Amino acid sequence: MTEQQPEAATAGGDVRLTGIGKTYGDFTAVQPLDLTVPQGSFFALLGASGCGKTTTLRMIAGLEEPTSGTVLIGGQDVTDLPPYKRPVNTVFQSYALFPHLDIFENVAFGLRRRGKKDVKKQVESMLELVELGQYARRKPHQLSGGQQQRVAVARALINHPQVLLLDEPLGALDLKLRRQMQLELKRIQTEVGITFVHVTHDQEEAMTMADTIAVMNAGRVEQLGAPADLYENPGSTFVANFLGQSNLIAAEVTGSADGDLLLSASGVRLAMPKARCATDATKVYLGVRPEKITLAHASATGDIAEGRNRLQGTVVDSSFIGVSTQYVVRSEGGQEIAVFEQNMDRDIRIAPGAPVVLHWNPAHSFGLDAAQAIDAGTGEAAA
Ligand SMILES: Nc1ncnc2c1ncn2[C@@H]1O[C@H](COP(=O)(O)OP(=O)(O)OP(=O)(O)O)[C@@H](O)[C@H]1O
Ligand SMILES: [Mg+2]
């Protein structure tokens, strides 16, 4: 820890936002929101373009003045502190390295600016952390995009921030390098143990890296939770569609039995656990993920277990993508249902045009209020 930031060094790195909001004129970029990011966690702000992620991050950094609310870092109210007095550092999508300085000097920059003379040991251990030890004397343009990104991370971490803010830091990298850097960043975070707040519009990226994800939509946090919880129990159609892919089947609640809600979907009887239904409404969507559904040829339904949800339909499309085959099935009700089948053994009869029965464990269904738009979050999810 540095002598310049003694209070920051001992105060811990949890980030607490209370009623923090931002308006530009009569446009609300961020609705007043309350959020706590525990010390040492990897937190992702996930959402489509324009939903307010960067604005939220910039308010934590002190680069944007909130219209309302307070920012606490490690219990200290920093709302009125300028960026350089906050125990945070930010890594942006454009790494903004100094082109004329070599990698060593880029990383040493923060220490030198604070008047530190003996920087060698710290810089070397930072370069070690991001696995760039042998590149110390290169210039930024002599490194790949991923390597430059790691320099940017080292340059921020050398200041010993309590909180590292990352705004789409992997946005400029191609897909393969992105995936690699996701694991790398996660390793670095685990190693240094400080709080990371990571902004991304890539749901896979958020799920791979984060302990907790806040899904943002139009300036609001729509849902907050661990990746698996959000995936298994989305609370809105937006989250169901934005995080992975969901089949949402319009249905009416007709009764209940043994902890299950009994439903009718265009006359077809379905069930789902009452505990997994996010609404008391009678008009609901039954949600089921494509990989939870099993596909059987209509002539081979004898061994489908009792009590499973069943829908009849016709295959309209199938695409083989290696690990799985992705089917689109038109159900009796006329709705297109996505089904992902792992390629264990393929039934060659299940090709476009085949009559099929879709079946799944009712426990794998979730319920949402049908008053919401069924396609919320879909357009952006594909982007
Ligand atoms: N200085 C500004 N003046 C007016 N509106 C702004 C300003 N800065 C941002 N906004 C608006 O606030 C909203 C949120 O912007 P923000 O940059 O936080 O989005 P984002 O979620 O980071 O999007 P992206 O994924 O595209 O980076 C946007 O609609 C944007 O146009
Ligand atoms: Mg942004």
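The values are calculated or read from the model by the stated rules, or taken from the named source; none is laboratory data. Every value quoted in this text rests on a predicted model; they were computed, and no experiment measured them. As a convention, Cβ positions derive from the backbone with ideal geometry for all residues, glycine included, and neighbour counts pool all protein chains shown.
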Filtered residue count, region 93-109, keeping only those that are modelled with pLDDT of 90 or more and surrounded by 16 or more Cβ atoms within 10 Å (Cβ to Cβ): 9
Residue match in region 332-351 (condition: closer than 21 Å to residue 263 by Cα, at pLDDT below 90 and crowded, with 16+ Cβ neighbours inside 10 Å): yes
Condition check for residue 169: within 25 Å of the chain's Cα centre (by Cα) and either within 16 Å of ligand 1 (Cβ to nearest atom) or aliphatic (A, V, I, L, M) (or both): yes
Unmet requirement for residue 244, which otherwise passes all of (1) touching a helix residue (DSSP H, G or I) at 6+ places or on another chain (Cβ under 7 Å); (2) under 28 Å from residue 49 (Cα atoms); (3) modelled with pLDDT of 95 or more; (4) not acidic (Asp, Glu): (3)
Selection within region 54-95 - in a loop (DSSP other than H, G, I, E, B), under 25 Å from the mean Cα position of the chain (by Cα) and of a type in the set (A, V, I, L, M, F, W, C): 63, 92
Among (1) modelled with pLDDT of 85 or more; (2) among the charged types (D, E, K, R); (3) within 21 Å of residue 44 (Cα to Cα) - the single one residue 131 does not satisfy: (3)
Test for residue 194: is it assigned by TED's automatic domain parsing to the domain that holds residue 86, surrounded by 15 or more Cβ atoms within 10 Å (Cβ to Cβ) and either closer than 20 Å to residue 44 by Cα or of a type in the set (D, E, K, R) (or both): yes
Close pairs from region 193-218: first farther than 22 Å from residue 179 by Cβ, partner basic (Lys, Arg) and within 14 Å of ligand 2 (Cβ to nearest atom), Cβ under 9 Å, at least 6 apart: 216/53
Only one of 128, 64, 124, 105 that is among the acidic types (Asp, Glu) and within 16 Å of ligand 1 (Cβ to nearest atom): 64
Residue within region 90-103 that is β-branched (Val, Ile, Thr) and under 30 Å from residue 27 (Cα atoms) present: yes
Selected residue (only one of 120, 139 is touching a residue at least 40 places away in the same chain (Cβ under 8 Å) and basic (Lys, Arg)): 139
Unmet requirement for residue 90, which otherwise passes all of (1) within 14 Å of ligand 1 (Cβ to nearest atom); (2) at pLDDT below 95; (3) surrounded by fewer than 18 Cβ atoms within 10 Å (Cβ to Cβ): (3)
Per-region count, region 267-293, residues of a type in the set (Ser, Thr, Tyr) and assigned to a strand (DSSP E or B): 1
Total residues in region 146-177, condition more than 27 Å from residue 120 (Cβ to Cβ) and surrounded by fewer than 19 Cβ atoms within 10 Å (Cβ to Cβ): 6
Helices (runs of 4 or more DSSP H) enclosed by region 195-266 - at least 3 residues per element that are away from ligand 1 (no atom under 16 Å from the Cβ) and not hydrophobic (A, V, I, L, M, F, W, C): 227-232
